[in-house]
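*Asks:* What follows is a structure written as structure tokens; I'll ask about it next.
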Amino acid sequence: MFSLESFVDLPLIWYGLIATAVFLYVLLDGFDLGVGILFPFAPSDSCRNRMMNSIAPFWDGNETWLVFGVGGLLAAFPLAYAILMPALYMPVILMLLGLIFRGVAFEFRFKATGRSRRIWDYSFHFGSLAATFMQGMVLGAFVQGVKVQGRSFAGGAFDWINAYSVMVGMALVFGYALLGATWLVMKTDGITQDWARKCAGYVLGYVGIFLGLVSISMTMMNSDVKALWFSLPNTFYLLPIPLSTFVMFVMIWRGLHKGKEYVSFFLSIGVFLTGYMGLGISLWPWMVPFKVSFRQAAAAPESQSLLLVGTAVMLPLILGYVAYSYYVFRGKTSDETLY
Amino acid sequence: MIEKFDPVLLARIQFAFTVSFHIIFPAFTIGLASWLAVLEWRWLKTGNTVYKEVYRMWVKIFAVTFGMGVVSGVVMSFQFGTNWSVFSDRAGNVLGPLLGYEVLTAFFLEASFLGVMLFGWNRVSPKMHFAATIIVALGTLISAFWILSANSWMQTPQGYRLGANGLLYPTDWLKIIFNPSFPYRLLHMVTASYLTTAFVVGGIGAYYLWRNRHVKHARVMLGMAMIMGIFVAPIQAVMGDLHGLNTLEHQPVKVAAMEGIWETKQGAPLKLFGWPDQEEEKTKYAIEIPKLSSLILTHDLNGEVKGLKEWAKDERPPVAWVFWSFRIMVGMGVLMVFTGVTAAVLFLRKQLFSKRWFQLWCMAMTPSGFVAVLAGWFVTEIGRQPYIVYGVMRTAEAVSPVMGFQVALSLLAFIFSYVFVFGAGSYYILRLIGKGPGVLEKAYGTHGVKEPPLLTDLASEAGGKHV
């Protein structure tokens with residue numbers, strides 16, 4: 001049967017593809033979840049309308065990357081999917097409920113009048129907050145590893161809760177808030193932009209603190225990871241990652257103070273990228289950390305091949321029309337309507 | 001106490017709850033997207049603004065419904081793993097790529113062009129906007145293609161082999177995708193979606209006519225809905241019959257449950273109603289029509305129909321559920337065909353838009369499609385129990401190693417959230433219907449329309465019945 005096994009390293013390609021999909025999800029839904037996190041703190045209702053309008057045409061597409069990441073995981077690494085979902089049962093369900101409450105708010109908020117609009121303002125905010133925090137906790141629990149027996153999760157219902165995962169959850173809340181704030185600097189003007197700029201500066205400090213904490217404690221938790229980062233000559237090779245992160249922090253801060261509109265958003269993406277790379281290097285080659293490698297979790301080569309063909313054909317198209325939809329809704333967002 | 005929660009039963013109830021809730025939205029949006037494309041085409045072709053106003057009213061309802069479909073659908077992509085991780089592990093090789101293709105070829109397409117469709121009026125040309133509507137409609141159909149292929153494979157699996165650890169491996173993708181029950185299920189479901197939408201639209205149109213509001217728009221709605229009722233409802237009946245015969249070939253025990261037949265018989269009667277008793281192995285209080293079951297299933301008055309007793313007790317589905325769901329679905333279908341025939345007669349007498357009893361009837365038929373779709377899925381999903389992959393893997397083996405109380409808690413959370421969120425959604429849809437097309441709103445939503453009210457509407461509101 002049809003298989004690309006003898007031509008390319010299928011598991012490796014899929015490892016990269018899933019990692020890319022998850023990263024794109026983090027960036028894209030990150031900024032619109034971030035807007036939700038900042039939502040109630042905006043100075044006026046007109047600002048809130050503008051914030052909502054700036055992401056309304058995109059949120060659905062952004063969330064699709066999550067479905068692609070998860071669906072891709074099922075298709076390309078079914079074993080990892082089958083172990084991780086039960087292990088992360090509760091935070092995943094809570095995240096989904098958060099996504100429901102925020103997702104429907106886009107439509108309901110504009111249909112609601114008077115006081116009932118408040119319900120959807122809060123639904124949007126707390127949904128975004130809960131979804132983000134739970135994604136952080138999922139990440140925190142994931143990097144600590146899960147108990148596995150045979151081909152199944154073998155741990156308890158509350159393994160995912162501990163100080164570390166709470167910390168990662170908070171880190172992600174600030175991280176997404178930074179993406180959201182810098183997105184708003186780019187997409188709005190006037191008092192919304194001024195406020196967003198202030199928010200971004202404020203949040204930036206917390207992102208720095210949490211990123212430092214998470215990174216350092218990550219190396220403390222696992223001796224292999226510690227050895228990877230703190231042994232010569234590795235440290236020397238890996239130094240550009242923390243260094244470039246530091247440089248980008250400084251540039252974001254300067255960009256915000258000099259009134260630049262685009263640079264902060266794209267450099268925040270850069271900060272996420274280096275953070276993600278650091279994570280990837282620490283967790284290589286695990287698909288379920290420290291238990292199942294991406295090669296062990298790989299689906300049959302025929303399955304990976306079939307979906308790879310589809311991905312190779314469709315992904316450029318998808319990226320093309322996603323870019324088109326961002327192009328259609330380019331420029332500053334108004335607070336009234338998008339027509 | 002905690003040990004008493006049965007994880008398998010709870011996982012099934014939870015999955016049934018989330019998936020039943022979810023299917024309501026796609027069932028409606030698949031049909032609605034296609035209808036919106038037709039409306040926009042009519043508008044571009046004729047320049048008649050009534051079509052555009054009807055479009056703009058229904059696109060708002062589409063947006064609310066689609067949003068609810070998206071958020072309840074994201075849940076489903078996780079539920080295979082949270083509830084059925086063993087199934088995901090074993091069948092992932094086969095089903096994973098199918099679901100992957102659904103995301104790649106449908107979800108991104110719908111999500112990206114939905115933005116243009118809803119918010120792009122003044123940002124793209126009318127032709128591009130029309131293209132966006134068509135792309136969204138196509139996206140819903142492509143999505144149906146893949147998910148129904150995956151579901152059908154679980155009903156009639158082929159093109160795979162069994163490997164170590166009980167893992168299933170693909171051997172022939174074309175056989176997997178185009179498995180025996182797939183063409184029937186796809187056509188039956190897509191048609192069901194079209195009919196669901198038609199009866200909702202028709203019901204709302206009838207409501208406006210009955211209240212003597214938005215008469216021009218209401219005629220478009222009821223008229224186009226009844227075209228579907230007249231021509232498509234009978235086609236659906238034929239397709240349902242073909243689907244049933246296909247099921248008889250591949251899952252005869254499901255058909256035996258649908259018919260409530262326990263003993264294998266030649267010239268089996270059709271049981272119209274009755275109470276199938278799983279313990280006593282008979283259908284009590286049955287009202288029967290002699291030999292009709294054999295005629296329908298074998299197209300021969302004396303053909304042999306296999307009864308449930310041909311299969312061991314642990315191979316039979318819960319008969320009463322299947323039996324009654326089937327009757328509800330068929331009952332709705334019969335009412336739809338009847339509505340179509342009545343509409344045809346009234347149309348020929350030029351009374352389609354004036355008979356008030358017919359307007360009341362159409363209003364009563366508004367939810368019929370949803371009831372039929374849910375009942376139909378109950379038939380096919382409960383009817384294939386106790387298997388998750390028919391004849392290959394049992395549902396009880398497929399369940400995740402999670403504690404019962406986790407599933408119970410999350411089930412409660414889902415029920416509470418869904419009732420609240422989707423209750424609110426239904427309320428906003430009803431309000432949009434209450435407002436109707438072309439009425440100038442005070443506060444524009446993002447999908448609001450900035451244009452003056454139409455003269456016809458002003459006249460109909462001021463002048464009451466004389467329009």
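Values in this text are rule-based calculations from the coordinates and carry no lab data. Note that the coordinates shown come from a computational prediction; the quantities given were computed from them, not determined experimentally. FYI the Cβ positions are ideal-geometry reconstructions off the backbone, even for glycines, and counts take in every protein chain you see.
*Asks:* Tell me the volume per residue, in Å³, of the convex hull enclosing the alpha carbons of the protein assembly as shown.
*Replies:* Cα-based convex hull of the protein assembly as shown, divided per residue, equals 170 Å³.
*Asks:* Here's something else I'd like to know. Starting from the amide H of B:D277, placed 1.01 Å from N in the peptide plane, find each other amide H under 5 Å away whose residue is 5 or more places distant or on another chain.
*Replies:* Under 5 Å from the amide H of B:D277 lie the amide H atoms of B:K282, B:T283, B:K284, each far enough along the sequence or on another chain.
*Asks:* Kindly identify the stretch A:10-328 as rounded, prolate or oblate by the Cα gyration tensor criterion: order the square roots of the eigenvalues as a ≥ b ≥ c, call it rounded if a/c is under 1.5, otherwise compare a/b with b/c, prolate if a/b is larger, else oblate.
*Replies:* prolate
*Asks:* How high is the FRET efficiency between B:R349 and A:Q296 when r is their beta carbon distance and R₀ equals 60 Å, given to the nearest 0.05? List each step's numbers first, then the result.
*Replies:* Numbers: r = 72 Å, r/R0 = 1.19.
That gives a FRET efficiency of 0.25.
*Asks:* Taking R0 as 35 Å, what FRET efficiency do you get between A:V309 and A:D194 from their Cβ-Cβ distance, rounded to the nearest 0.05?
*Replies:* The computed FRET efficiency comes out at 0.10.
*Asks:* Once you have a ≥ b ≥ c as the square roots of the Cα gyration tensor eigenvalues for the stretch A:1-153, tell me rounded if a/c is under 1.5, and otherwise prolate or oblate according to whether a/b is larger than b/c.
*Replies:* Working: a/c = 2.95, a/b = 1.99, b/c = 1.48.
In terms of gyration-tensor shape, prolate.
*Asks:* List the residues whose amide H sits under 5 Å from the amide H of A:V148, counting only those 5 or more places along or on another chain, with H placed 1.01 Å from N in the peptide plane.
*Replies:* A:A154
*Asks:* Per residue of chain B, what 222 nm ellipticity follows from adding -39500 (n - 2.57) for every DSSP H run with n ≥ 4, rounded to the nearest 500? Mind dumping the intermediate values first?
*Replies:* Details: 16 runs with 321 residues, N = 467.
After summing the helix terms and dividing by residue count, I get -23500 deg cm²/dmol.
*Asks:* What ³J(HN,Hα) values, in whole Hz, does the Karplus curve 6.51 cos²θ - 1.76 cosθ + 1.60 give for the stretch B:344-353 when θ = phi - 60°, with x put for Gly and Pro?
*Replies:* 4, 4, 4, 4, 5, 8, 6, 10, 4, 9
*Asks:* Treat each spin label as a single point 7 Å out from the Cα along the C-beta direction, and report the A:Q149 to A:K332 distance in nm.
*Replies:* 6.2 nm
*Asks:* Can you give the extra length, in nm with one decimal, that the chain gains between A:S116 and A:M251 once fully stretched, where that is 0.36 nm per residue apart less the Cα-Cα distance? Walk me through the numbers on the way to the answer.
*Replies:* Working: separation 135, 0.36 × 135 = 48.60 nm, distance 4.17 nm.
Result for the pair: 44.4 nm of gain on full extension.
*Asks:* I would also like to ask the following. Put a dot 7 Å past each Cα toward the Cβ at B:L141 and B:L174; how far apart are the dots in nm?
*Replies:* Simple spin-label model gives 2.3 nm for this pair.
*Asks:* Mean-square fluctuation check for chain A, GNM, Cα pairs under 10 Å: which of A:M277, A:M137, A:M314 is largest?
*Replies:* A:M314
*Asks:* Using only Cα atoms, what Kirkwood radius does chain B have, in angstroms?
*Replies:* Its Kirkwood hydrodynamic radius stands at 24.0 Å.
*Asks:* At a Cα cut-off below 15 Å, give the aspartates and glutamates reachable from B:K306, other chains included and same-chain residues fewer than 8 away excluded.
*Replies:* Partners within reach: B:E249, B:E259, B:E263, B:E281, B:E315.
*Asks:* Here's something else I'd like to know. Which of A:V288, A:V322, A:V138 ends up with the largest GNM mean-square fluctuation for chain A, with Cα atoms connected below 10 Å?
*Replies:* A:V322
*Asks:* How high is the relative contact order of chain B, in percent, counting Cα pairs under 8 Å that sit 6 or more residues apart?
*Replies:* 21 percent
*Asks:* For the stretch A:253-263, what does the Karplus curve 6.51 cos²θ - 1.76 cosθ + 1.60, with θ = phi - 60°, yield as ³J(HN,Hα) per residue in whole Hz, taken in order and with x for Gly and Pro?
*Replies:* Taking θ as phi minus 60°, the curve returns 4, 5, x, 5, 6, 8, x, 6, 9, 9, 4 Hz for the stretch A:253-263.
*Asks:* While we're looking at this one, here's another question. Once the Cβ-Cβ distance between A:S217 and A:L319 is put in as r, and R0 is 35 Å, what FRET efficiency do you end up with, to the nearest 0.05?
*Replies:* 0.50
*Asks:* Sticking with this one: Any idea what angle helix B:215-250 forms with the longest principal axis of chain B, computed on alpha-carbon atoms, 0 to 90 degrees, nearest 10?
*Replies:* Around 10 degrees separate the two axes.
*Asks:* According to a simple spin-label model (label point 7 Å from Cα along Cα-to-Cβ), what is the distance in nm between A:S6 and B:Q266?
*Replies:* About 5.7 nm, to one decimal.
*Asks:* Also: Which angle between 0 and 90 degrees, to the nearest 10, do you get for helix A:163-187 versus the longest principal axis of chain A when only C-alpha atoms count?
*Replies:* 50 degrees
*Asks:* What angle do you read, to the nearest 10 degrees and between 0 and 90, between the alpha-carbon axis of helix B:126-155 and the longest principal axis of chain B?
*Replies:* 10 degrees
*Asks:* Rounded, prolate or oblate: which fits the stretch A:185-339 when a ≥ b ≥ c are the square roots of the eigenvalues of the alpha-carbon gyration tensor, with rounded for a/c under 1.5 and prolate only if a/b beats b/c?
*Replies:* oblate
*Asks:* I would also like to ask the following. Figure the gain on full extension for B:D314 and B:V334 (residue separation times 0.36 nm, minus the Cα-Cα span) and round it to one decimal in nm.
*Replies:* The span from B:D314 to B:V334 would gain 3.9 nm if fully extended.
*Asks:* Here's something else I'd like to know. Number of Lys-Lys pairs in the stretch A:189-339 under 18 Å by Cα, sequence gap 8 or more or different chains? It would help to have the intermediate numbers written out before the result.
*Replies:* Values: A:K198/A:K258; A:K198/A:K260; A:K226/A:K291; A:K260/A:K332.
So the count of such lysine pairs works out to 4.
*Asks:* Oh, and also: Please arrange B:H214, B:H188, B:H299 by counting, for each residue, the other beta carbons lying within 10 Å of its beta carbon, fewest first.
*Replies:* In increasing order of surrounding Cβ atoms, one gets B:H299, B:H188, B:H214.
*Asks:* Taking amide H atoms as placed 1.01 Å from N in the peptide plane, list the residues 5 or more away in sequence, or in a different chain, whose amide H sits under 5 Å from that of A:K291.
*Replies:* For A:K291, no residues qualify.
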